[in-house]
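Q: Okay, here's the structure, questions in a sec.
The values are calculated or read from the model by the stated rules, or taken from the named source; none is laboratory data. All values reported here derive from a predicted model rather than from experimental measurement. Note that each Cβ is placed from the backbone with ideal geometry, even for glycine, and that neighbours are counted across all protein chains shown. Side chains included, ligands, DNA and RNA excluded: accessible areas come from the protein's heavy atoms. Shrake-Rupley method; radii C 1.70, N 1.55, O 1.52, S 1.80 Å.
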Amino acid sequence: MNNIYRNTYAEINLQNLYQNYSNIDSLLKNKKVIPVVKANAYGHGGIEVVKYLIDRNIDYFAVSLLEEAIELRKEFKSIEILIMGIIDRSQFYIASRYNLSITIGNFDQLVDIESLDFPITVHMKIDTGMNRLGFKDENDIVKAFNIMRKNSHIKLQGIFTHFATADGNKGFYDTQLSKFSTVIKLLNYEFEMIHISNSSSMIKYESKIDYTTHTRLGISLYGLTLDKETKFLKNTYRLISHVSEIKYLEPGDCVGYGATYTAKEKEIIGILPIGYADGFIRQNQGGDVEINSKRYSIIGRICMDQMFIKIDNTITKHDDVILFGGLVSIDEVAKRLNTINYEIICQITYRVPKIYIK
Ligand SMILES: Cc1ncc(COP(=O)(O)O)c(C=O)c1O
């Protein structure tokens, strides 16, 4: 959906996104930053984000799904793409045909991959404590490594792990880091790529790690973090709608489904053409939006396509309304909804077109 007939859209600031990339990249001498563009580039639009970054000489990207990788490959022939999720036997051929690098993290995959009669590029996933994907036991790691090394159709390009608490529990982080360092020593192999850091780890700890070659930058590319002290990130996403209708309420008048809001006095409300089918979920009731640099309250239940705000007589029809990404930050919305900023940007749906600031 590319039209904006109802004047509701996500404004994506690619200049800020690249600035975030550059700022973080400059912290990490001699290491390459891999933008993580899974989930449609965290809701920012995978193709547009990747295109913008390719034009700025970035050539390696990470996604989670085979589908996401294929979508990028169809558009961009020359970049390298790593699928960080686990794919299985029936999908190896497709990955190879599209020249995608895959993640190997268990013996079922290994058995299947050994018998392939075509080349495939792999990254070995080590589970250092997250208990999600990857080889965990040291003996298994060595065994899996040897199997991959002895098969010439398997190009073992990289090795990686993922941190569970880079934004929090430093003790647990250190335990994971130490397990991974032990694995690297144990294997004693010149991997072309060794990558362990996500955004938090990259910003806080990566410069002190000497054996890694790459990092995987997700949320902070998009101007967000779970760490309080990260000041240099720039906002990349504003959710914008407008006042499509104004109503004048008498005392006792009710608003919306369930009539959950009753006017206590003469009040003015604005109707916005955005609702939970756009990913602006019902739990946002009671939060704020921004119009002309001032806050206004969300009242009544949020409908599938529309919602209500309490306004004053300074507001006119068609005034822009910023639902988040301005005065009301994405972090504020996440906190109110008892979740993390990742979820706020990822949950905006396909119905909301994107406008890019390049
Ligand atoms: C394996 C892996 N690496 C890197 C990232 C990027 O993490 P972040 O968005 O915290 O930078 C993710 C995101 O969840 C991930 O799953």
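Q: List, please: which pairs have Cβ atoms under 6 Å, are six or more places apart or on different chains, and start with a residue in the range 212-236 that is closer than 15 Å to ILE196 by Cα and within 13 Å of the ligand (Cβ to nearest atom) and end with one that is among the small types (Gly, Ala, Ser) and part of a strand (DSSP E or B)?
A: Sorted first by the residue in the range 212-236, then by its partner, the pairs are ARG216/ALA62.
Q: In the set ILE47, ILE79, which member is open to solvent by less than 30 Å² (accessible area, probe 1.4 Å) and more than 16 Å from the ligand (Cβ to nearest atom)?
A: After ruling out the rest, the residue left standing is ILE79.
Q: Evaluate the following for ILE271: is it farther than 28 Å from ARG336 by Cβ and touching a strand residue (DSSP E or B) at 6+ places or on another chain (Cβ under 7 Å)?
A: no
Q: If you don't mind, there's one more thing I want to ask. Here are some conditions: (1) open to solvent by less than 70 Å² (accessible area, probe 1.4 Å); (2) more than 27 Å from GLY275 (Cα to Cα); (3) part of a loop (DSSP other than H, G, I, E, B). ASN7 meets all but one. Which one does it not meet?
A: With respect to (1) open to solvent by less than 70 Å² (accessible area, probe 1.4 Å); (2) more than 27 Å from GLY275 (Cα to Cα); (3) part of a loop (DSSP other than H, G, I, E, B), ASN7 is out only on (2).
Q: Out of everything in the range 225-277 that is touching a Pro at 6+ places or on another chain (Cβ under 8 Å) and closer than 30 Å to ASN40 by Cα, what residue ends up being least open to solvent (accessible area, probe 1.4 Å)?
A: This residue is SER241.
Q: Of the numbered conditions (1) outside any helix (DSSP H, G or I); (2) over 29 Å from GLY45 (Cα atoms); (3) of a type outside the set (Asp, Glu); (4) within 16 Å of the ligand (Cβ to nearest atom), ILE194 fails exactly one; give the number of that condition.
A: Going through the list (1) outside any helix (DSSP H, G or I); (2) over 29 Å from GLY45 (Cα atoms); (3) of a type outside the set (Asp, Glu); (4) within 16 Å of the ligand (Cβ to nearest atom), ILE194 breaks only (2).
Q: When the range 141-162 is examined, which residues are found to be of a type outside the set (A, V, I, L, M) and open to solvent by 10 Å² or more (accessible area, probe 1.4 Å)?
A: LYS143, PHE145, ASN146, ARG149, LYS150, ASN151, SER152, HIS153, LYS155, HIS162
Q: Which ones in the range 82-99 are surrounded by 13 or more Cβ atoms within 10 Å (Cβ to Cβ) and part of a helix (DSSP H, G or I)?
A: Answer for the range 82-99, where residues must be surrounded by 13 or more Cβ atoms within 10 Å (Cβ to Cβ) and part of a helix (DSSP H, G or I): ARG89, GLN91, PHE92, TYR93, ILE94, ALA95, SER96.
Q: Checking LEU177 against (1) touching a residue at least 40 places away in the same chain (Cβ under 8 Å); (2) within 9 Å of the ligand (Cβ to nearest atom); (3) surrounded by 21 or more Cβ atoms within 10 Å (Cβ to Cβ), which single condition isn't satisfied?
A: Condition (2) is where LEU177 drops out.
Q: Among the residues of the range 285-301, how many are closer than 19 Å to SER329 by Cα, open to solvent by less than 10 Å² (accessible area, probe 1.4 Å) and not in a strand (DSSP E or B)?
A: Total meeting the criteria: 1.
Q: Pick out the one residue from ILE4, ILE54, ILE87 that is in contact with a helix residue (DSSP H, G or I) (Cβ under 9 Å, 6 or more places away or on another chain) and of a type outside the set (Ser, Thr, Tyr). Reasoning before the result, please.
A: Numbers: ILE4 fails: in contact with a helix residue (DSSP H, G or I) (Cβ under 9 Å, 6 or more places away or on another chain); ILE54 fails: in contact with a helix residue (DSSP H, G or I) (Cβ under 9 Å, 6 or more places away or on another chain).
Sole residue among the options that is in contact with a helix residue (DSSP H, G or I) (Cβ under 9 Å, 6 or more places away or on another chain) and of a type outside the set (Ser, Thr, Tyr): ILE87.
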